[in-house]
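Inspection log for the structure reproduced underneath, given as structure tokens.
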């Protein structure tokens, strides 16, 4: 038999072979164009740096001074806080209460002292005012006693009787200034309590007296009596008029029917008493003087 032919693969021996390959890379350096600096600009910049001092522009002295102050304040605050923290609260609880009590007591005392001083000052003022009124009344009383003259008449004379709150008064007709109907009154500030008001009658300004309050203020309970006033009895040639409740008529009076007063005493406005009617006969001149002086019927009792 013929020998088999060898396989083709056996004829060739495969050997590994190194292959050369160029290295590959993804980095591609860029070549930048280098600009050459301008020598003139460099020289100018160097000159500016030499002329200026950057340290001076920072104002280090001012900044250091401010920082020093802040550090000092912080140290002082820290020192105070440390001192406060060193205090123990318990020992100071009691002094605070004592201090509060000590403060409250003088305030109360001061207020009481002020009240006392105000009261004393008010009392002193009232006393001075009262003494002044008494002195004026005394002086007026002395003047009345000195200037007062009795009005005893030698002949019969006519009188007008008028009523004031149930009390009858008499005034000589020859000393009567007239009679007016009571109308609307203007109340003036600063006048005495017995001043009823100012009434305008034609061209006259009449000063109207609250006769009841002037004569018998202590017997008045309220102000309702004023509603009964209807007339004004004028005194002589003055502008003073007595408010009257009712006109009781006139009478020819015998001089012996009057118990005449010979001295002014404490009632200078009283000329005498009409015996039968037991009413006061008014001393017109003295009454006008008392009204001008602002005195009432009790002023001369002090």
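Just so it is clear, none of the values below were taken in a lab; they were calculated from the coordinates. All values derive from a computational prediction rather than experimental measurement. All Cβ positions, even for glycine, are placed from backbone atoms using ideal geometry, and neighbour counts span all protein chains on display.
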Among (1) exposed (fewer than 13 other Cβ atoms within 10 Å of the Cβ); (2) within 49 Å of the chain's Cα centre (by Cα); (3) in contact (Cβ under 8 Å) with a residue 40 or more places away in the chain, residue 214 falls short only on (1)
Would you check which residues across segment 245-260 are surrounded by fewer than 18 Cβ atoms within 10 Å (Cβ to Cβ) and within 19 Å of residue 150 (Cβ to Cβ) and list them?
254, 255, 256, 257, 259, 260
With respect to residue 205, is the statement that it is farther than 17 Å from residue 237 by Cα and either over 36 Å from the mean Cα position of the chain (by Cα) or surrounded by 14 or more Cβ atoms within 10 Å (Cβ to Cβ) (or both) true?
no
Report, by residue number, each residue of segment 256-278 that is part of a strand (DSSP E or B) and under 52 Å from the mean Cα position of the chain (by Cα).
270, 271
Examine segment 261-271 for a residue that is farther than 22 Å from residue 158 by Cα, in contact with a strand residue (DSSP E or B) (Cβ under 7 Å, 6 or more places away or on another chain) and surrounded by fewer than 16 Cβ atoms within 10 Å (Cβ to Cβ), and state whether such a residue exists.
no
Could you list all residues from segment 245-271 that are touching a helix residue (DSSP H, G or I) at 6+ places or on another chain (Cβ under 7 Å) and closer than 27 Å to residue 181 by Cβ?
245, 250, 269
Give me the pairs: first residue in segment 186-202 and at positive phi, second residue in a loop (DSSP other than H, G, I, E, B) and exposed (fewer than 15 other Cβ atoms within 10 Å of the Cβ), beta-carbon distance under 9 Å, and six or more apart or on different chains, which are they?
197/184; 197/187; 197/188; 197/191
